[in-house]
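> Provided herewith is a single structure, encoded as C-alpha coordinates, for subsequent inquiry.
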(Lines give C-alpha, C1' and ligand atoms only; values in the text may rest on other atoms or scores of the structure.)
Protein backbone atom coordinates (compact mmCIF):
# COMPACT_ATOMS: atom_id res chain seq x y z
CA UNK A 1 0.00 0.00 0.00
CA UNK A 2 1.39 3.39 -0.99
CA UNK A 3 -0.34 6.43 0.44
CA UNK A 4 0.38 10.10 -0.20
CA UNK A 5 -0.53 13.23 1.66
CA UNK A 6 -3.33 15.37 0.35
CA UNK A 7 -1.12 18.49 0.29
CA UNK A 8 1.99 16.96 -1.30
CA UNK A 9 2.49 17.22 -5.06
CA UNK A 10 2.04 14.02 -6.98
CA UNK A 11 4.95 12.61 -9.05
CA UNK A 12 3.35 13.31 -12.41
CA UNK A 13 6.52 14.41 -14.20
CA UNK A 14 7.15 10.91 -15.56
CA UNK A 15 3.71 10.95 -17.19
CA UNK A 16 4.17 14.20 -19.10
CA UNK A 17 5.23 12.68 -22.42
CA UNK A 18 2.43 10.15 -22.29
CA UNK A 19 -0.29 12.73 -21.69
CA UNK A 20 1.15 15.21 -24.18
CA UNK A 21 1.00 12.52 -26.85
CA UNK A 22 -2.45 11.35 -25.77
CA UNK A 23 -3.88 14.86 -25.51
CA UNK A 24 -2.47 15.87 -28.90
CA UNK A 25 -3.99 12.80 -30.50
CA UNK A 26 -7.37 13.46 -28.87
CA UNK A 27 -7.36 17.06 -30.04
CA UNK A 28 -6.41 16.10 -33.59
CA UNK A 29 -8.95 13.30 -33.78
CA UNK A 30 -11.71 15.65 -32.69
CA UNK A 31 -11.57 16.93 -36.26
CA UNK A 32 -12.56 13.44 -37.34
CA UNK A 33 -15.88 13.98 -35.61
CA UNK A 34 -16.64 16.99 -37.80
CA UNK A 35 -15.97 14.88 -40.88
CA UNK A 36 -18.36 12.24 -39.56
CA UNK A 37 -21.02 14.89 -38.93
CA UNK A 38 -20.57 16.21 -42.47
CA UNK A 39 -20.94 12.73 -43.94
CA UNK A 40 -24.02 12.08 -41.81
CA UNK A 41 -25.62 15.40 -42.76
CA UNK A 42 -25.01 14.67 -46.43
CA UNK A 43 -26.76 11.33 -46.13
CA UNK A 44 -30.34 11.34 -47.38
CA UNK A 45 -31.44 8.16 -45.67
CA UNK A 46 -33.06 9.83 -42.66
CA UNK A 47 -36.78 10.21 -42.78
CA UNK A 48 -36.96 13.63 -41.16
CA UNK A 49 -34.98 16.17 -39.17
CA UNK A 50 -36.05 14.70 -35.82
CA UNK A 51 -34.63 11.29 -36.69
CA UNK A 52 -31.41 12.88 -37.94
CA UNK A 53 -31.03 14.91 -34.74
CA UNK A 54 -31.68 11.86 -32.56
CA UNK A 55 -29.04 9.89 -34.45
CA UNK A 56 -26.50 12.69 -34.10
CA UNK A 57 -27.11 12.97 -30.37
CA UNK A 58 -27.00 9.23 -29.76
CA UNK A 59 -24.07 8.11 -31.90
CA UNK A 60 -22.02 11.04 -33.21
CA UNK A 61 -21.97 13.71 -30.49
CA UNK A 62 -20.77 11.20 -27.86
CA UNK A 63 -17.75 10.53 -30.08
CA UNK A 64 -16.69 14.16 -29.76
CA UNK A 65 -17.32 13.96 -26.01
CA UNK A 66 -15.05 10.90 -25.68
CA UNK A 67 -12.26 12.71 -27.50
CA UNK A 68 -12.88 15.77 -25.35
CA UNK A 69 -12.81 13.67 -22.19
CA UNK A 70 -9.45 12.18 -23.14
CA UNK A 71 -8.11 15.65 -23.89
CA UNK A 72 -9.47 17.05 -20.60
CA UNK A 73 -7.98 14.28 -18.46
CA UNK A 74 -4.64 14.67 -20.26
CA UNK A 75 -4.70 18.37 -19.47
CA UNK A 76 -5.58 17.75 -15.82
CA UNK A 77 -2.76 15.24 -15.46
CA UNK A 78 -0.31 17.77 -16.93
CA UNK A 79 -1.08 20.63 -14.52
CA UNK A 80 2.06 21.41 -12.51
CA UNK A 81 1.85 20.91 -8.76
CA UNK A 82 -1.21 18.69 -8.74
CA UNK A 83 -1.86 17.30 -5.28
CA UNK A 84 -3.78 14.18 -4.38
CA UNK A 85 -6.72 16.28 -3.24
CA UNK A 86 -6.95 18.55 -6.26
CA UNK A 87 -6.47 15.69 -8.70
CA UNK A 88 -9.05 13.60 -6.88
CA UNK A 89 -11.56 16.43 -7.14
CA UNK A 90 -10.85 16.89 -10.85
CA UNK A 91 -11.18 13.18 -11.56
CA UNK A 92 -14.36 12.88 -9.50
CA UNK A 93 -15.98 15.80 -11.32
CA UNK A 94 -14.90 14.44 -14.71
CA UNK A 95 -16.14 10.94 -13.95
CA UNK A 96 -19.45 12.09 -12.45
CA UNK A 97 -20.06 14.43 -15.38
CA UNK A 98 -19.26 11.63 -17.80
CA UNK A 99 -21.66 9.24 -16.10
CA UNK A 100 -24.40 11.86 -16.15
CA UNK A 101 -23.86 12.44 -19.85
CA UNK A 102 -23.73 8.68 -20.43
CA UNK A 103 -27.20 8.33 -18.92
CA UNK A 104 -28.46 11.03 -21.28
CA UNK A 105 -26.89 9.24 -24.25
CA UNK A 106 -28.62 5.99 -23.28
CA UNK A 107 -31.97 7.78 -23.34
CA UNK A 108 -31.20 9.25 -26.76
CA UNK A 109 -30.09 5.87 -28.06
CA UNK A 110 -33.39 4.23 -27.18
CA UNK A 111 -35.25 7.08 -28.83
CA UNK A 112 -33.14 6.90 -31.98
CA UNK A 113 -33.25 3.10 -32.31
CA UNK A 114 -37.00 2.59 -32.44
CA UNK A 115 -36.53 1.09 -35.93
CA UNK A 116 -33.02 -0.25 -35.31
CA UNK A 117 -31.89 -3.08 -33.05
CA UNK A 118 -28.57 -2.55 -31.30
CA UNK A 119 -25.88 -5.09 -32.07
CA UNK A 120 -23.51 -6.54 -29.50
CA UNK A 121 -20.77 -4.17 -30.66
CA UNK A 122 -23.11 -1.20 -30.08
CA UNK A 123 -23.73 -2.33 -26.51
CA UNK A 124 -20.02 -2.83 -25.87
CA UNK A 125 -18.60 0.35 -27.43
CA UNK A 126 -21.50 2.75 -26.85
CA UNK A 127 -22.88 1.56 -23.51
CA UNK A 128 -20.59 -0.68 -21.47
CA UNK A 129 -17.09 0.69 -22.13
CA UNK A 130 -18.00 4.40 -21.71
CA UNK A 131 -19.74 3.61 -18.41
CA UNK A 132 -16.72 1.64 -17.19
CA UNK A 133 -14.37 4.45 -18.21
CA UNK A 134 -16.17 7.19 -16.31
CA UNK A 135 -16.79 4.89 -13.33
CA UNK A 136 -13.06 4.13 -13.27
CA UNK A 137 -12.28 7.85 -13.03
CA UNK A 138 -14.57 8.16 -10.02
CA UNK A 139 -13.00 5.10 -8.42
CA UNK A 140 -9.51 6.49 -8.97
CA UNK A 141 -10.57 9.74 -7.35
CA UNK A 142 -11.69 7.85 -4.25
CA UNK A 143 -8.60 5.62 -4.08
CA UNK A 144 -5.96 8.09 -5.18
CA UNK A 145 -4.75 8.99 -1.70
CA UNK A 146 -4.43 5.36 -0.61
CA UNK A 147 -3.27 3.71 -3.85
CA UNK A 148 -1.61 6.53 -5.75
CA UNK A 149 0.66 4.59 -8.16
CA UNK A 150 -2.03 2.07 -9.13
CA UNK A 151 -4.60 4.87 -9.51
CA UNK A 152 -2.32 6.79 -11.85
CA UNK A 153 -1.94 3.75 -14.08
CA UNK A 154 -5.69 3.20 -14.11
CA UNK A 155 -6.25 6.85 -15.07
CA UNK A 156 -3.78 6.46 -17.94
CA UNK A 157 -5.48 3.29 -19.17
CA UNK A 158 -8.91 4.91 -18.88
CA UNK A 159 -7.83 7.94 -20.86
CA UNK A 160 -6.42 5.72 -23.59
CA UNK A 161 -9.64 3.68 -23.60
CA UNK A 162 -11.73 6.82 -24.09
CA UNK A 163 -9.57 7.69 -27.09
CA UNK A 164 -10.05 4.23 -28.59
CA UNK A 165 -13.80 4.37 -27.98
CA UNK A 166 -14.00 7.62 -29.91
CA UNK A 167 -11.96 6.24 -32.81
CA UNK A 168 -14.00 3.05 -33.03
CA UNK A 169 -17.37 4.79 -32.87
CA UNK A 170 -16.39 7.39 -35.47
CA UNK A 171 -15.25 4.65 -37.83
CA UNK A 172 -18.37 2.59 -37.11
CA UNK A 173 -20.67 5.50 -38.01
CA UNK A 174 -18.83 6.17 -41.27
CA UNK A 175 -18.96 2.49 -42.26
CA UNK A 176 -22.66 2.29 -41.41
CA UNK A 177 -23.52 5.39 -43.46
CA UNK A 178 -21.49 4.07 -46.41
CA UNK A 179 -23.15 0.65 -46.39
CA UNK A 180 -26.60 2.20 -45.99
CA UNK A 181 -26.03 4.42 -49.01
CA UNK A 182 -24.97 1.41 -51.06
CA UNK A 183 -28.01 -0.56 -49.90
CA UNK A 184 -30.35 2.30 -50.81
CA UNK A 185 -28.80 2.54 -54.28
CA UNK A 186 -29.27 -1.18 -54.81
CA UNK A 187 -32.85 -0.99 -53.56
CA UNK A 188 -33.63 1.96 -55.80
CA UNK A 189 -32.06 0.17 -58.72
CA UNK A 190 -34.12 -2.95 -58.01
CA UNK A 191 -37.38 -1.00 -57.65
CA UNK A 192 -37.03 0.59 -61.07
CA UNK A 193 -39.11 -1.08 -63.81
CA UNK A 194 -37.01 -3.43 -65.90
CA UNK A 195 -36.00 -2.35 -69.34
CA UNK A 196 -38.43 -3.56 -71.99
CA UNK A 197 -37.16 -6.51 -74.03
CA UNK A 198 -35.84 -5.62 -77.44
CA UNK A 199 -38.51 -5.67 -80.09
CA UNK A 200 -38.46 -8.72 -82.31
CA UNK A 201 -37.25 -7.84 -85.71
CA UNK A 202 -39.71 -8.75 -88.44
CA UNK A 203 -38.31 -10.55 -91.46
CA UNK A 204 -37.32 -8.19 -94.21
CA UNK A 205 -40.11 -7.43 -96.63
CA UNK A 206 -39.81 -9.13 -99.96
CA UNK A 207 -39.40 -6.86 -102.90
CA UNK A 208 -41.95 -6.78 -105.72
CA UNK A 209 -39.42 -8.36 -108.10
CA UNK A 210 -38.89 -11.27 -105.75
CA UNK A 211 -42.63 -11.78 -105.39
CA UNK A 212 -43.10 -11.70 -109.17
CA UNK A 213 -40.26 -14.19 -109.62
CA UNK A 214 -41.91 -16.57 -107.17
CA UNK A 215 -45.27 -16.17 -108.93
CA UNK A 216 -43.73 -16.93 -112.37
CA UNK A 217 -41.86 -20.01 -111.16
CA UNK A 218 -44.69 -22.54 -112.02
CA UNK A 219 -45.04 -21.07 -115.51
CA UNK A 220 -41.29 -21.40 -116.16
CA UNK A 221 -41.37 -25.02 -115.05
CA UNK A 222 -44.29 -25.76 -117.40
CA UNK A 223 -42.50 -24.16 -120.35
CA UNK A 224 -39.40 -26.15 -119.54
CA UNK A 225 -41.34 -29.42 -119.53
CA UNK A 226 -42.95 -28.74 -122.90
CA UNK A 227 -39.70 -27.65 -124.57
CA UNK A 228 -38.96 -29.97 -127.55
CA UNK A 229 -35.98 -32.17 -127.09
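The values are calculated or read from the model by the stated rules, or taken from the named source; none is laboratory data. Values in this document were obtained by computation on a predicted structure and should not be read as measured data. So basically every Cβ, Gly included, is an ideal-geometry build from the backbone, and we count neighbours across all protein chains shown.
> Only one of 70, 131, 135 is modelled with pLDDT of 90 or more, assigned to a helix (DSSP H, G or I) and buried (at least 17 other Cβ atoms within 10 Å of the Cβ); which?
70
> Hey, can you tell me all the residues within segment 88-117 that are out of contact with any helix residue (DSSP H, G or I) (no Cβ under 7 Å at 6 or more places or on another chain), at pLDDT below 95 and surrounded by 15 or more Cβ atoms within 10 Å (Cβ to Cβ)?
The answer is 113, and nothing else.
> When the residues of segment 23-46 are narrowed to those that are touching a helix residue (DSSP H, G or I) at 6+ places or on another chain (Cβ under 7 Å) and within 13 Å of residue 167 (Cα to Cα), which ends up modelled with the lowest pLDDT?
Per the criteria, the residue is 36.
> Next up: Going by what's in this entry, would residue 151 be described as at pLDDT 90 or above, more than 19 Å from residue 82 (Cα to Cα) and not in a loop (DSSP other than H, G, I, E, B)?
For residue 151, the condition - at pLDDT 90 or above, more than 19 Å from residue 82 (Cα to Cα) and not in a loop (DSSP other than H, G, I, E, B) - is not met.
> Does segment 144-166 contain any residue that is crowded, with 20+ Cβ neighbours inside 10 Å, under 16 Å from the mean Cα position of the chain (by Cα) and closer than 13 Å to residue 59 by Cβ?
Yes: one or more hits.
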